[in-house]
Each structure stands twice: as C-alpha cells, then as structure tokens.
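Down below is the structure, laid out as structure tokens.
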C-alpha cells in the first residue's frame, strides 16, 4: 500500500521591509506679506482710510490730436561731390516745404552727408520759419506776382473745381498752404530754390478785402 508524499506546506515569502521614506525637507515658514500704510494714517499721505489715489500711468502720453497735422514735402535733393585723395566724398542738400493746409507754410534747407539727415534738417528748418498767408476759402483773394532772385511766379485765383494748376516747387508750396483751386505760371528761373521762394513771396503779398477796408477807414 503506497502512500502519496504529502505536499510541502506553502510558505509565504516574508514581506520585504518597507524602505524608509526619505525625510521631508523642512518647510520654510511662510511669512505674511508686509503691509505698508500708504493711507492717511500715521506714516501715509495718500488719503483717508489708506486708499491709494488713481494711478497715473499715462502721465507722459500726450492726448491724441494734440496740435495740427503738418504736411511735409521734399521739393529737391541736391548731391555735391568733393574730390579727395582716394576718391570722392558726397554730401546732400534737401529743400523741404512744411504747412498745415490752413494758411501756414514754411520753407527749409538742410545739408548733411546722408539723405535722411539732410531731409530731417530741412524739415526742422522749415518748421522754424512758418508764416501765415491770407487765403479766401480754398483759393487766393486776388492776382499776385511773386519774385525772388531769378524766379518769377504769377498766381491767379480760380473757381471751385479748377484744381491746382501748378507743378514743381510751386505746387508743393501751394499744397502745404492749403490752396486747392488756382492758376499759376512760372516765368523766370527754373531753379527750385528761386521758384519756391518766389511762390512764397507772392503768397505773402495777399490781402483780404476786409483788411483793405479797415486800412481805408483808418486813413
């Protein structure tokens, strides 16, 4: 009679000792944020109750539309070459016209070794020499003949819808001044500086009927 060997008792593997948890880093004590008294209490000068006044974020920002919008035009850029040892050196001169389109216009001339600098100088010079001319609506009140050096320019008023019949430096000056209907004729030198100044000379001779009547009354 055979007897089956009894099965060995099942042995449960011993649980591995739990790994020691790493010690947590000591937490830094959180401090309450410091509160400064900026109100009307002791040590403050903002206002009663510690309320801060309105912020002034735009203290350096200028309001939109500050001042009239200026019209800037470059009439002519002249290049001059100077021969030196090793090559040629170039310099530039810019003739600029500035106006607000409402009767103010100025002419400037700037020189520099680069074109942008010359234009900037000419425009700045024109801003310094703004003059006011007398206009009658969008045209001139009467015929006028302007002269400057060799330049001679004839200006005549025109009816609405005629347009700006002018070219070159004459057109630039009239557009900057705000003239929209006029007839012009350049009868002298074609030099840009002479033509521009002759046009401005003619505009400065303009007089309104009201001004002439006041002068006659005072005599």
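The values are calculated or read from the model by the stated rules, or taken from the named source; none is laboratory data. On a predicted model such as this, the values are computed, not experimentally measured, just so you know. Ideal geometry is used to build each Cβ from the backbone, glycine not excepted, and the neighbour counts take in all protein chains shown.
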Next on the checklist: Among the residues in the range 145-153, are any buried (at least 16 other Cβ atoms within 10 Å of the Cβ), over 20 Å from residue 104 (Cα atoms) and not assigned by TED's automatic domain parsing to the domain that holds residue 96?
Outcome noted: yes
Checklist entry - Quick one: which of 191, 181 is free of Cβ contacts under 8 Å to residues at least 60 places away in the same chain and under 20 Å from residue 95 (Cα atoms)? => result 191
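Yes/no matrix, rows are residues, columns are (1) crowded, with 17+ Cβ neighbours inside 10 Å; (2) part of a loop (DSSP other than H, G, I, E, B); (3) out of contact with any strand residue (DSSP E or B) (no Cβ under 7 Å at 6 or more places or on another chain):
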position: 169; (1), (2), (3): yes, no, no
position: 172; (1), (2), (3): yes, no, no
position: 176; (1), (2), (3): yes, no, no
position: 185; (1), (2), (3): no, no, no
position: 189; (1), (2), (3): no, yes, no
position: 196; (1), (2), (3): yes, no, no
position: 202; (1), (2), (3): yes, no, no
position: 212; (1), (2), (3): no, no, yes
position: 215; (1), (2), (3): no, no, yes
Checklist entry - What do you reckon, is residue 141 touching a residue at least 24 places away in the same chain (Cβ under 8 Å) and over 30 Å from residue 91 (Cα atoms)? => result yes
